[in-house]
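First the structure, in the form of C-alpha cells, and then the observations on it.
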C-alpha cells in the first residue's frame with residue numbers, strides 16, 4: 001500500500017512539473033498560446049552563445065535577457081510555480097531551433113537550502129539530469145539540467161528529437177548557462 005501511495009504521489013508531482021507547474025490558468029493559456037504562435041509562425045532560433053554575459057544583471061530578468069539575446073529562448077515565456085523544485089521563480093519557453101521544437105525552462109534559486117533546491121541543484125551538477133523521484137528519471141531522459149557555478153540559476157532543456165544538431169544546440173545552451181557568472 002505504501003508503494004502504491006508513493007507511486008501516486010510521485011506521478012502527481014511529476015504531472016505538475018511537466019505541465020509547467022503553473023499557478024494561474026488564465027495567464028498560462030494566453031502565454032502558452034503566444035509561445036505556440038511564435039513557433040508556428042516559423043520563427044526559429046539558432047542560439048550560439050556569442051553574447052558575453054558581461055553587462056547583464058545577475059538577476060532572473062538578466063538571466064532571461066541573456067538567454068534571449070543569445071537566441072536560446074524568445075518571447076515572454078510562461079511563468080511557472082517553481083517551488084516544487086525549490087526555486088523562487090521560473091519560466092518556460094517553447095521554441096524551434098530549426099532542428100526541432102524544444103522546451104527551455106529557466107529558474108532562479110535565491111535560497112538554496114530547501115531539500116528540493118539542494119536535490120535539484122546537486123542532480124544538475126552531478127550528472128546533468130533532473131529528477132525528484134526515481135520514477136521520473138525515465139520521463140526526463142531527454143532533459144538536460146545545467147546550473148550556474150554559484151547554483152543561483154538553472155536551465156532545463158528538453159528535446160526528444162534525434163535530429164542532427166540537437167546535441168549541439170543543447171550543448172551551446174549549456175555552455176551559455178555555465179558562462180553566466
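The values are calculated or read from the model by the stated rules, or taken from the named source; none is laboratory data. What you see is a predicted model, and the numbers here were worked out from it, not measured in a lab. With ideal geometry, Cβ positions are generated from the backbone for all residues, glycine too; neighbour counts draw on all protein chains shown.
Data for the structure
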{"quantity": "Close pairs from the stretch 107-122: first free of Cβ contacts under 8 Å to residues at least 60 places away in the same chain, partner exposed (fewer than 14 other Cβ atoms within 10 Å of the Cβ), Cβ under 7 Å, at least 6 apart", "calculated": "117/111"}
{"quantity": "Residue list for the stretch 145-165, restricted to those being touching a strand residue (DSSP E or B) at 6+ places or on another chain (Cβ under 8 Å) and either modelled with pLDDT under 80 or farther than 14 Å from residue 106 by Cβ (or both)", "calculated": "159, 161"}
{"quantity": "Yes/no for residue 104 being in contact with a strand residue (DSSP E or B) (Cβ under 8 Å, 6 or more places away or on another chain), at pLDDT 90 or above, farther than 19 Å from residue 181 by Cα and not in a loop (DSSP other than H, G, I, E, B)", "calculated": "yes"}
{"quantity": "The stretch 28-70: number of residues that are assigned to a helix (DSSP H, G or I) and modelled with pLDDT of 50 or more", "calculated": "10"}
{"quantity": "Some residue of the stretch 115-129 being farther than 16 Å from residue 153 by Cα, modelled with pLDDT under 90, in a loop (DSSP other than H, G, I, E, B) and out of contact with any strand residue (DSSP E or B) (no Cβ under 8 Å at 6 or more places or on another chain)", "calculated": "no"}
{"quantity": "Selected residue (only one of 95, 73, 99 is crowded, with 19+ Cβ neighbours inside 10 Å, at pLDDT below 95 and in a loop (DSSP other than H, G, I, E, B))", "calculated": "73"}
